1. Among the residues of segment 353-366, is any of a type in the set (A, V, I, L, M), modelled with pLDDT under 95, more than 21 Å from Leu223 (Cβ to Cβ) and surrounded by fewer than 24 Cβ atoms within 10 Å (Cβ to Cβ)?
2. Residue check, Leu300 against (1) within 28 Å of Ala385 (Cβ to Cβ); (2) open to solvent by 10 Å² or more (accessible area, probe 1.4 Å); (3) in a helix (DSSP H, G or I), all met but one. Which one?
3. Let me confirm something: among Ala325, Ala317, which residue is surrounded by fewer than 20 Cβ atoms within 10 Å (Cβ to Cβ), farther than 15 Å from Arg369 by Cβ and among the small types (Gly, Ala, Ser)?
4. Of all residues in segment 157-194 being in a loop (DSSP other than H, G, I, E, B) and open to solvent by less than 10 Å² (accessible area, probe 1.4 Å), which is nearest to Ser328 (Cα to Cα)?
5. Could you check how many residues of segment 42-71 are closer than 30 Å to Arg238 by Cα and surrounded by 14 or more Cβ atoms within 10 Å (Cβ to Cβ)?
6. Could you pull out the residue among Ala320, Ala327, Ala332 that is modelled with pLDDT of 95 or more and of a type outside the set (S, T, N, Q)?
7. Among the residues of segment 100-127, what is the count of those that are in a helix (DSSP H, G or I), within 15 Å of the ligand (Cβ to nearest atom) and buried (at least 17 other Cβ atoms within 10 Å of the Cβ)?
8. Is one or more of the residues making up segment 240-255 touching a helix residue (DSSP H, G or I) at 6+ places or on another chain (Cβ under 9 Å), within 16 Å of the ligand (Cβ to nearest atom), of a type outside the set (Asp, Glu) and under 22 Å from Ser97 (Cβ atoms)?
Amino acid sequence: MSWTLEDARACDAADPLADWRSHFLLPEGIIYLDGNSLGALPAATPGVLARVTETEWGRHLISSWNRHDWIGASQRVGARIAPLIGAEADEVIVADSVSVNLTKLIAAALALRPGRGVILSEPGNFPTDLYMVQGLERMGLCSLRLAPVEDFAQALDGDVAAVLLSQVHYKSAAVHDMAALTAAAHAHGALTIWDLSHAVGAMPVALNPTGADFAVGCGYKYLNGGPGAPAFAFAARRHHAGLEQSICGWMGHAAPFAFDDAYAPAPGMKRLLAGTPPILSLAALEVGVRLIGDIGVSALHAKSMALSQCLIDDVSATCADFGIALASPPEAGARGSHVALRHPEAYPICQALIAAGVVGDFRAPDILRFGIAPAYVSFEDIWTAARRLEAVLRHETWRAPEFAARQTVT
Ligand SMILES: *Cc1c(COP(=O)(O)O)cnc(C)c1O
C-alpha cells in the first residue's frame, strides 16, 4: 500500500474522534504508541489531583472519607468501568493490582469448585497471571496446567476448576473468543477468569453476554489512570453469595468500623477490598475512565482497527525488505489495539525509534510493540511513525552503540 501524508491527513479530517486528542496532554514532537503500557495523561487529571490533594486532603482532612465519599470510590469507579466491559455496576470494584486481584479470584474459583484443583491457562500468557497460580500452587492449593487453546478440548477435564486467559494477548494482540472458550469451560463444569488488561478501554468487552464468571483488568493502560493506577475485579452476580475472599482485609468486612475480632465478609463485590484504597490514584483513574466512557468503546474500537490496519499495510509494504515480520494476526477483527512486529534486533530498533520521537516498546526477545490508543493517536501519527521506522531500518541507525544498552524497564 502506498498512502501519502495527504491521505493520512484526509483520514484525520474525517475522523469523528479527532477532537478528543485535545483532552490529553501529550508532549510536542513525540508520537506516543505506548498507551498499552502507560496511557497518556488526560488534560483534566492534574486539576482533579490538585483539588483532591489541596482541598480534600489538605483542608478537609479525615472528614473527606465521608464528605467527599472517598470510602465509596472503589465501588463508584468500578461502576463506571462496568459498561465498558459488559457488566452491571455492582459486579465491578476497583482494588489493588491485577496480580493481587487474580490471586483473590483464582482462590474464589477454587472455593466454588470443591474437589477440583487445576487452573488451566496457556503457555506464554502474561507472566504475572501464571505466577499467581504458581504462588497458590506452592501453598498446595491448586496446580497449574498449560495447554494451547487449540488443545483445550483435551485439556479440559473434571479436574479443572477454572480457565485463566487474557482476552487480548499482551505480545501478539491475538484475541481469544470469550464466548466459545467460556462455553467450553462451562461444558466441563469449569469457571472462567479473564484478564482484560489489553482490552478494556480499547475494544468492547462482553462479560455478561458471554457468560463469563470472573475478570480482572488494568487501570493504567487504555483507561489512562496513571502509573500504578489500581486495577479492577469483576464477578458475575450469580457468584456473589458464594464468593470466598482469601485476602480478608478490614475494608472488605461487613462492618469495618465495628472493629470485630471475627471476619465477616461485606455483601457483594465490596468483600474483594482488602486494605485502605489509594484515593489519589483512584481520583486519577476516575478521570480516565470517564473520558473513555464519554468517547465510547465502539467508536474507539472502530478507529483502532482502522489505525492498526494502516500501520500494518504500510510497514508490510515499506519495511519487509529489512527483516520485519508481522507478529500480530493480520485481520483487524482478530487483533486487540496494538501491533506487534518481529525483528531479531527489536531492542536497538525500538531505542533508535524512541530517539527519533516514536515511543513504542520492546518485548523480549524480538518483539516491537506499538499500542494504538485510538483516543489520541492520529492517522498522521501512524504515517509518520512508519516513515521513521523505515528510516531507522534503511539507514541502520539502530546500530549506534548507545541503542544497545538495556535499561531496567524495557
Ligand atoms: C499490564 C498487565 C498486568 C498488570 O498487572 P499488575 O499486577 O497490575 O502490575 C497484568 N496482566 C496483563 C495481561 C497485563 O497486560
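1. yes
2. Every listed condition holds for Leu300 apart from (2).
3. The match here is Ala317.
4. Restricting to residues being in a loop (DSSP other than H, G, I, E, B) and open to solvent by less than 10 Å² (accessible area, probe 1.4 Å), the top hit is Ala173.
5. The total comes to 2.
6. Matching residue, one of Ala320, Ala327, Ala332: Ala327.
7. Residues in segment 100-127 being in a helix (DSSP H, G or I), within 15 Å of the ligand (Cβ to nearest atom) and buried (at least 17 other Cβ atoms within 10 Å of the Cβ): 7 in total.
8. Looking for residues that are touching a helix residue (DSSP H, G or I) at 6+ places or on another chain (Cβ under 9 Å), within 16 Å of the ligand (Cβ to nearest atom), of a type outside the set (Asp, Glu) and under 22 Å from Ser97 (Cβ atoms), one finds at least one in segment 240-255, hence yes.
The values are calculated or read from the model by the stated rules, or taken from the named source; none is laboratory data. All values reported here derive from a predicted model rather than from experimental measurement. Don't worry about glycine lacking a Cβ; one is built from the backbone with ideal geometry, like all the others, and counts go over all protein chains shown. Each accessible area value is taken on the protein alone, full model and side chains, heavy atoms only, with ligands, DNA and RNA left out. Shrake-Rupley method; radii C 1.70, N 1.55, O 1.52, S 1.80 Å.
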